[in-house]
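A short write-up of the structure that comes next.
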Amino acid sequence: MFRLHVLALYLIYLNYSEAFIEQLVYKNEVPKCCAEDEALAFVGGSNRIIPYQCVFDVNRTSHILINESLSSFPWGLIERLSCIDDYIDEYSDERKVAMISGEIAEMSFLRLKQFSKCCPVDKVYDAITHTCVSIENGTDLGLVEDILNPHLRNHLIYLNIGMSHCTSVLADYEVPSFDDILYQTDDSITLEKYNKNLPYKNYCIDKVFNGDSFIVRGCEDLSVCKKEESDGRPSCIPKCCADGYSYKGGSKCKFSFSTGMNLFNDDKVINPNESFSIVQGHNCSHYIVQLDWNYTLDEMGTINLDLDDEIGHYSGVDNTYCFEEVDMGATQGRRLFLCFGDDTNESIKFQVSRICLVFSCVFLILTLMGYICLPEMHNLHGKTLMCNCGNLLVAFIILAVLQFYPEHEGVFCKTMGYITMYTFLAAFMWSNVMCFDIWWTFGSMRVDGINQKKREWKRFMWYCLYSWSIPLVITMSAFTVQQVQSSLPDSIQPLVPNLGEFSCFFEESTNLVAFLIWFMLPIAILCTCNTFFFIKTIIYCYKVKNEIEKMKDSNLSKNECNKILSADKERLRMVVKLFLVMGVPWLFESISGACIPPNAEGTLEIIEIIFDSINSLQGFFIFCVFILKVKFLKALQRRFRGKKRPHRITRSNYSGVTASSYITVSSPKLANIST
């Protein structure tokens with residue numbers, strides 16, 4: 001049986017450091033369950049002795065400091081030793097101290113006081129770069145070896161790592177020795193040198209890199225920040241992520257004590273050697289500043305931005321900017337982020353975009369309903385249009401949801417991003433199919449027959465395979481590249497899509513190259529092919545028209561040929577309009593994303609809003625092109641009134657038959673037109 005109790009050693013002869021540590025040391029006779037970099041987690045399973053196992057501890061913000069650990073866990077059937085370790089809740093990621101009984105194989109939770117260490121166990125604090133540095137890079141012992149290890153004989157200490165829970169200002173106070181940190185009975189500490197008293201859980205302690213002194217980092221309010229140049233307080237500079245976190249692999253803050261806030265020898269900082277405090281709890285929506293932007297960070301912690309058309313000043317205490325280390329493909333190193341102001345047109349841009357997306361979805365649904373209601377629209381052309389609208393509708397619905405609820409992240413965000421990418425590419429594939437089909441129909445010399453519907457159905461199946469398989473290959477390739485990102489060479493990193501990282505879909509300001517390669521390049525190729533099909537079809541259309549005009553008036557087929565040609569030309573005009581509606585806005589969207597900065601104002605901002613709105617209104621434009629026509633509206637009217645459609649020569653009557661194929665029967669002259 002094991003025992004765990006608090007040592008109550010309040011000896012008046014103990015020095016301050018001994019008294020401090022003894023309040024946080026627990027007598028213990030059981031080992032640590034898992035390895036140093038692991039913690040307990042629930043895994044379930046009816047065939048297990050115990051439904052817990054050791055997993056890699058991604059966010060090591062706490063640590064059980066103990067001399068002994070089990071060689072394997074869970075144990076076998078013979079030897080069951082009790083053990084203790086960190087437990088990570090499967091839903092909330094809350095961390096607890098768990099004790100597992102070897103006799104009854106049950107888990108219980110303990111409430112232990114924490115010793116707050118600023119850096120992980122094997123690191124010390126670099127006060128110049130505000131970074132945790134490995135002990136092996138220095139010459140001195142770390143805090144654990146120097147202060148804590150002597151107390152671990154049959155005892156344990158529960159460490160809290162870092163100050164990620166601090167949501168205000170993180171200020172640094174350096175003291176010559178550990179004895180200068182005075183422990184109080186209410187678990188607070190006093191720093192007489194600075195006349196400071198820091199409550200329990202509002203401070204952390206560590207050794208200073210390459211020195212014998214100690215650092216105390218306190219969580220304080222904005223009153224510790226410099227208010228004017230003459231006072232002796234440090235300036236306050238915001239950090240985007242909490243202490244011990246950075247933008248690693250995307251815009252979500254991930255655990256990483258390898259980076260801090262290093263402004264040393266930065267030519268954009270007016271006084272890079274001056275000490276500063278770090279503002280945490282940053283919560284504004286922000287965008288990354290380009291490397292070539294002209295800005296400086298002055299002594300007051302204010303960013304002074306000087307662009308050709310804008311001069312701005314951003315205070316460090318007003319939640320207007322932040323710095324963060326970024327490790328994402330081609331975007332590396334410490335970067336500056338500026339906040340979107342609540343009263344700027346940037347918020348107007350997103351409001352307009354959301355409204356346009358919802359508007360577009362409504363009209364895409366109306367377009368689909370209109371074509372579904374009319375049986376005569378269920379020909380090959382109608383089916384391809386419905387597939388095109390269906391894919392666009394899914395993509396726009398996802399974009400609208402993500403804009404109304406932008407807080408989505410993780411697997412859901414990435415999944416939605418790749419579904420959006422796939423459905424957009426599939427929609428463009430279907431527009432390419434429509435362009436190819438009109439060219440193929442004009443160029444074919446076949447005459448309608450009893451197997452025409454069978455041939456159309458077979459052709460539609462090939463169109464489905466083409467339009468849905470190629471986007472799937474592109475999307476899965478992009479997904480695979482993102483999944484193996486860590487093993488890719490640096491030269492390939494710019495091609496990583498990083499969907500679900502900085503944003504659920506592509507964000508041109510951080511991964512423009514990937515956006516162009518994986519998304520815009522396939523669209524550009526499809527638009528080029530569509531242009532080719534249009535030119536060939538228009539040329540052929542005029543050739544057919546000239547041959548019809550040369551036919552003798554006595555030829556009974558001339559009038560019917562003209563009607564079929566008119567139907568073909570009408571369909572061609574609609575496909576051309578669809579191409580313009582879908583292709584041109586995306587061209588301007590890519591130009592806008594690459595050339596217009598996120599904080600653009602004046603004319604550039606208006607242009608960006610106009611381009612984004614046009615792109616978001618594709619569903620409305622498609623509705624206008626294909627539904628708002630007199631013939632279509634009359635057909636709908638007859639459908640709902642129950643009247644039969646009068647027999648007319650239209651493309652739906654002669655599906656698969658062109659004016660040229662009809663003429664070929666009576667006019668051998670056109671036999672060589674299609675060659």
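All of the numbers you see were taken from the coordinates with simple rules; none came from a lab. A quick note: this is a predicted structure, and the numbers were derived from the prediction, not measured. Neighbour counts are summed over all protein chains in view; Cβ atoms, including those assigned to glycine, are modelled from backbone coordinates with ideal geometry.
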> In nm, to one decimal, how far is the residue 165 label point from the residue 182 one, both placed 7 Å along Cα→Cβ?
Replying inline: 2.5
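Please list, by residue number, every one of the trypsin sites (Lys or Arg not before Pro) in the stretch 125-208 that is coil in DSSP and has at most 16 other beta-carbon atoms within 10 Å.
Working: sites: 153, 193, 196, 201, 207; in loops: 153, 193, 201.
In loop regions of the stretch 125-208 (DSSP not H, G, I, E or B), the sparsely surrounded trypsin sites (Lys or Arg not before Pro) are 153, 193, 201.
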> What is the distance, in nm, between label points placed 7 Å from the Cα along the Cα-to-Cβ direction at residue 108 and at residue 332?
Replying inline: 5.2
>> Please list, in order along the stretch 387-399, the HN-Hα scalar couplings obtained from phi with the Karplus expression 6.51 cos²θ - 1.76 cosθ + 1.60 (θ = phi - 60°), rounded to whole Hz, x for Gly and Pro.
In response: 5, 4, 5, x, 5, 4, 4, 4, 4, 5, 4, 5, 4
> Using alpha-carbon positions, what is the distance between the centroids of the stretch 250-291 and the stretch 365-419, in Å?
Replying inline: 40
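Please give me, ordered by residue number, the chymotrypsin sites (Phe, Trp or Tyr not before Pro) of the stretch 244-338 that lie in loop per DSSP and have at most 16 other Cβ atoms within 10 Å.
Numbers: sites: 245, 247, 255, 257, 264, 276, 287, 293, 295, 314, 321, 323, 337; in loops: 257, 264, 293.
Answer in residue order: 264, 293.
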> Say R0 is 45 Å: what FRET efficiency, to the nearest 0.05, do residue 488 and residue 606 get from their beta-carbon distance?
Replying inline: 0.70
>> At 7 Å along Cα-to-Cβ for each site, give me the label-to-label distance between residue 473 and residue 58 in nm.
In response: 3.3
>> Under the rule of at least 5 residues apart or a separate chain, name every residue whose amide H is placed under 5 Å from the amide H of residue 503.
In response: 251
> Using 1/(1 + (r/R0)^6) with R0 = 35 angstrom and r between the beta carbons of residue 129 and residue 528, what's the FRET efficiency to the nearest 0.05?
Replying inline: 0.10
> Counting other Cβ atoms within 10 Å of each Cβ, which GluC sites (Glu not before Pro) in the stretch 82-167 have at most 12 and sit in a DSSP loop?
Replying inline: 90, 94, 103, 106
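How high is the FRET efficiency between residue 456 and residue 352 when r is their beta carbon distance and R₀ equals 35 Å, given to the nearest 0.05?
Details: r = 42 Å, r/R0 = 1.19.
Taking R0 as 35 Å, the efficiency between residue 456 and residue 352 is 0.25.
For 440, 430, 457, what's the fewest-to-most ordering of other Cβ within 10 Å of each Cβ? Before the final figure, lay out each step's value.
On the way: 440 15, 430 28, 457 11.
Neighbour counts put them in this order, fewest first: 457, 440, 430.
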